[in-house]
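A short worksheet on the structure shown next.
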Amino acid sequence: MKLLYFTSRYEPRNTLVSSRFNTTDGWGWEGSLWLSMGEQLREGSWDPRIDPFIPEIQEMIDYAHTKGVSLMGYVYPCLLFQSQPQAWDGGAMDLSNNAAADWLLSVMLAFLEKSGGGGFAWDHNIYAGSVTKQYSQWRSWMRILATLREFYPVSNFQFQYPGFSSYFTRLFSVINIFRLVKYSVTQYICLLFVTEYSTIK
């Protein structure tokens, strides 16, 4: 069966499961995370390693599978998960904390197994606390992604927008600037060609 991957900044949200008034992220999208189970996961009231999806979410997953669609969970790795207080640092979860990173990895693996998902899209940020920790946090997140790909080699793992302060954003800003310059140069060359061609005619 061919898997189709769909990601969107504007995630579907089931209000029977999550509430915009209970979000802790900066723009109120937490209720869309983990197929609407993100708030409960952060609060520690739901854990894919031991708990089933509620019927309404399972029904959505089952329906998608009948259409050959594999859903992706949307994840903010830096939220203050209540089960990992030892890793809280500066209002975010510190992924350089090995116990927290191992916990997140086990939860993501269980989520994929239970949902039959096609991967994850991640967003927000992967950094917490001092900038001196960022390399360790980046290495930890790369280890998580590498392990996910090892267990699910045909799945899709991608970021949507990893935060203003991250190296990823800086990298892609440079790439986008290059694309813009390349596009502008191409347009200029085309304009010169059209002008010259019109003059010859």
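The values are calculated or read from the model by the stated rules, or taken from the named source; none is laboratory data. A quick note: this is a predicted structure, and the numbers were derived from the prediction, not measured. Because the Cβ atoms are built from the backbone with ideal geometry, glycine has one as well, and the counts that use them run over all protein chains shown.
The figures follow:
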item	result
Filter pass, Pro52 being in the same structural domain as Val131 (by TED's automatic domain parsing), surrounded by 17 or more Cβ atoms within 10 Å (Cβ to Cβ) and outside any helix (DSSP H, G or I)	no
Among residues of the range 98-113, those that are in contact with a strand residue (DSSP E or B) (Cβ under 8 Å, 6 or more places away or on another chain) and free of Cβ contacts under 8 Å to residues at least 40 places away in the same chain, counted	1
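Residue-wise test of (1) over 23 Å from Tyr74 (Cβ atoms); (2) modelled with pLDDT under 50.
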{"site": "Ser106", "(1), (2)": "no, no"}
{"site": "Phe111", "(1), (2)": "no, no"}
{"site": "Gly116", "(1), (2)": "no, no"}
{"site": "Asn125", "(1), (2)": "no, no"}
{"site": "Trp138", "(1), (2)": "no, no"}
{"site": "Phe157", "(1), (2)": "no, no"}
{"site": "Arg179", "(1), (2)": "yes, yes"}
{"site": "Val185", "(1), (2)": "yes, no"}
{"site": "Leu192", "(1), (2)": "yes, yes"}
